[in-house]
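The values are calculated or read from the model by the stated rules, or taken from the named source; none is laboratory data. What you see is a predicted model, and the numbers here were worked out from it, not measured in a lab. Using ideal geometry, Cβ is built from the backbone for each residue, glycine included, and neighbour counts are taken over all protein chains shown. Accessible surface areas use protein heavy atoms only, side chains included; no ligands, DNA or RNA. Shrake-Rupley method; radii C 1.70, N 1.55, O 1.52, S 1.80 Å.
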Amino acid sequence: MSKSFGKCALCRKECELSFEHIPPRAAFNASPAKPVTGDKMMNDDRMPWDTSGLRYTNQQQGMGKFSLCKDCNNNTGSWYGNDYIKISQIMHAAFCETIPENINAIGIKEIYPLRFIKQIISMFCSINNIEDERIQSLRDFVLDKTAKGLDKTKYRLNMYFTKSNLVKYAPLSVVIKLDDNKVQSMAVSEITAYPLGFILIFDPIKDREYDGVDITFFSDCDYDELANIEIPLCIKEMNDIFPMHYRSKEEIKQCVEENKKWSKENDGGQ
Ligand SMILES: [Zn+2]
């Protein structure tokens, strides 16, 4: 049995799996990638964005996974891929031009919102555990080209922009955050790949603020419904592998220094 034999992340058929680019190849994902896993990054004394010298599996074709059967790979590519590519390219062009300070949203003309969101959900199906029940209705949503309306009590999809180059796939994890002295936990999965980032929130709490811009309503459009959309310019810096961590390199360095100082002081006193 070849090493790419397994269950398709969408239709669950057991077969020879094909390589799925995550994000699509034409969305700045055509050059060789050097993915490293989180445990290697956290192992030694290095800054989290520094992947130099780490062992990696060289992916000549870009970042992705052997996750989909051939049919699912072809279908999602032809049904949904173009709108994702279009938005990535528009955002890349905007970053290249230096966005004026008084601009707070980016307008995108003639896009199919449902196709865009289905491409994103398909990527989340590929990176998450295929046996997790919470993924099943997402799979159904992607497999049926015309299905619409994600259940907003169960899922919320937030989006942001990023100039950072580290690609991150974070499967479903529980994130604990301290907001206004209240501890909040949330189940999220996140994909970041220049110039876009997405947070999929499971069982979102109504009226709670989450990072990014809520685009779940894109799922209410029809497959053939074209729209002109405006997305608030929410830009995040991403320098480590943890979900929903958007610290700048300076902030991370400072935190590492403080931790070192703390350990030194506490060791030194012994
Ligand atoms: Zn399949």
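Quick notes on this structure:
- Sequence-distant residues sharing a close amide H with Lys13 (under 5 Å, placed H): Cys8
- Between the helical axis of 113-127 and the longest alpha-carbon principal axis of the chain there is an angle of about 60 degrees.
- Per-residue 3J(HN,Hα) values for segment 186-194, derived from phi via the Karplus relation 6.51 cos²θ - 1.76 cosθ + 1.60 with θ = phi - 60°, read 8, 9, 9, 10, 9, 10, 10, 8, 2 Hz in sequence order (x marks Gly and Pro).
- Using a Gaussian network model of the chain in which every pair of alpha carbons under 10 angstrom is joined by a spring, one finds that among Thr153, Thr192, Thr216 the greatest mean-square fluctuation is at Thr153.
- Net +/- balance of residues flanking Leu226 in space, Cβ distance below 11 Å, scoring K and R +1, D and E -1: -3
- Overall, segment 72-231 carries a charge dipole of about 260 debye about its Cα centre when +1 sits on the Cβ of Lys and Arg and -1 on the Cβ of Asp and Glu, all other atoms neutral.
- Computed lengthening from Glu225 to Asn74, 0.36 nm per intervening residue step minus Cα-Cα distance: 52.2 nm
- Isotropic mean projected area of the C-alpha convex hull, segment 115-227 (nm²): 7.6
- The share of alpha-carbon pairs in segment 176-270 lying farther apart than 19 Å comes to 61%.
- Within the listed set Ser126, Ser137, Ser18, the residue fluctuating most in the Gaussian network model of the chain (springs between alpha-carbon atoms under 10 angstrom) is Ser137.
- Computed E for Ser248/Ala94 - FRET, C-beta separation, R0 22 angstrom, nearest 0.05: 0.60
- Carbon + sulfur, % of accessible area of the chain - ligands and nucleic acids excluded, 1.4 Å: 48
- Over the chain, accessible surface divided per residue gives 54 Å², non-protein components excluded, 1.4 Å probe.
- 37 °C / 0.692 mPa s Stokes-Einstein diffusion coefficient of the chain, Kirkwood radius on C-alpha pairs, µm²/s: 165
- The trypsin sites (Lys or Arg not before Pro) of segment 177-261 meeting both criteria, a DSSP state outside H, G, I, E and B (loop) and at most 11 other C-beta atoms within 10 angstrom of the site's C-beta, are Lys206, Arg208.
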